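Note sheet for the following structure.
Where a number appears in this text, it was derived from the coordinates with a stated rule and is not lab data. This is a predicted model, so every value here is computed, not measured. Ideal geometry is used to build each Cβ from the backbone, glycine not excepted, and the neighbour counts take in all protein chains shown.
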């Protein structure tokens, strides 16, 4: 049965980078989080609770986005944290340049990614194509530590690698829609 389903529909490693690291498409899991503790309510109360919880969530996120815009922060909080962590990792990578013109490197990490591993791994980087053999840049939409190390080595700006939807403006626009008060027509 599973063999009849194309790999790109159920394997993150074969999705061509279109799901950006999202491991589940089950929206009910996300929505259940919003409705925590509300499953026994009557439908109208459940409807109102959903509306008010979503509204308060949008208000908080909209304000966070506005604050980030006002302070000229470039990316979403999530990507800021990830890029900063990758920059710290990149500082310990060993870089070997193979082709100055094409921007081809190999980057060796100092230690393995698994606790049982004692040696680091080696990744091929092509800065012309902004590609790394780890595949994380394509999957997640922002540069991996290996590409950041190569960018730093060559003084190349990494920002073109961060997808537009991680910008603070996109973050703000996602939460910009306003909810309007609802009224009970029977009152």
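In the set 82, 89, only one residue is under 30 Å from residue 177 (Cβ atoms), under 20 Å from the mean Cα position of the chain (by Cα) and touching a residue at least 24 places away in the same chain (Cβ under 8 Å); that residue is 82.
Please determine, by comparing only the residues of region 141-156 that are assigned to a helix (DSSP H, G or I) and surrounded by fewer than 19 Cβ atoms within 10 Å (Cβ to Cβ), which one is nearest to the chain's Cα centre (by Cα). Filtering first and then ranking leaves 152.
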